[in-house]
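Each remark here refers to the structure printed beneath this line.
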Amino acid sequence: MLRFIITYFLLINIVTFVAFGIDKNLSKHNQNRISESTLILLSAMGGAIGGLAAMYVFKHKTKKPKFFLGLSALVVIHLAIAFLIIF
């Protein structure tokens, strides 16, 4: 069970990181974007660390408080859940 949870969190964070990167690339080329609600949903589903990392790596959505504050709060929540599951 623990292996499944760790694998899930790794995969969802990678997917979220990549989604933020794709959205940044699409925005540079004025193409249809990934919706903010999709990015937030991916983050809420466990990908907050990947989303927060992507914000800084790609310099994307860093000026939007709902992303910076929301993803930061989700990281704390996800780490607390992981701590509870492991210990």
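A short reminder: the numbers here are calculations on the coordinates, not readings from a lab. Just so we're clear, the structure is a prediction, and the values are computed from it rather than from any experiment. FYI the Cβ positions are ideal-geometry reconstructions off the backbone, even for glycines, and counts take in every protein chain you see.
Counting only helices (runs of 4 or more DSSP H) that fall entirely inside the stretch 11-87 and contain at least 3 residues that are on the phi > 0 side of the Ramachandran plot and surrounded by fewer than 20 Cβ atoms within 10 Å (Cβ to Cβ), no element qualifies. Note on the stretch 1-57: residues that are within 20 Å of Ile81 (Cα to Cα), without any contact (Cβ under 8 Å) to a residue 24 or more places away in the chain and polar (S, T, N, Q) total 1. Contact annotation: residue pairs with Cβ atoms under 7 Å, 6 or more positions apart or on different chains, pairing a residue in the stretch 60-74 that is free of Cβ contacts under 8 Å to residues at least 24 places away in the same chain with a partner that is in a loop (DSSP other than H, G, I, E, B), are Phe68/Thr62.
Residues in the stretch 45-71 that are more than 14 Å from Phe17 (Cβ to Cβ) and in contact with a helix residue (DSSP H, G or I) (Cβ under 6 Å, 6 or more places away or on another chain): Thr62 alone.
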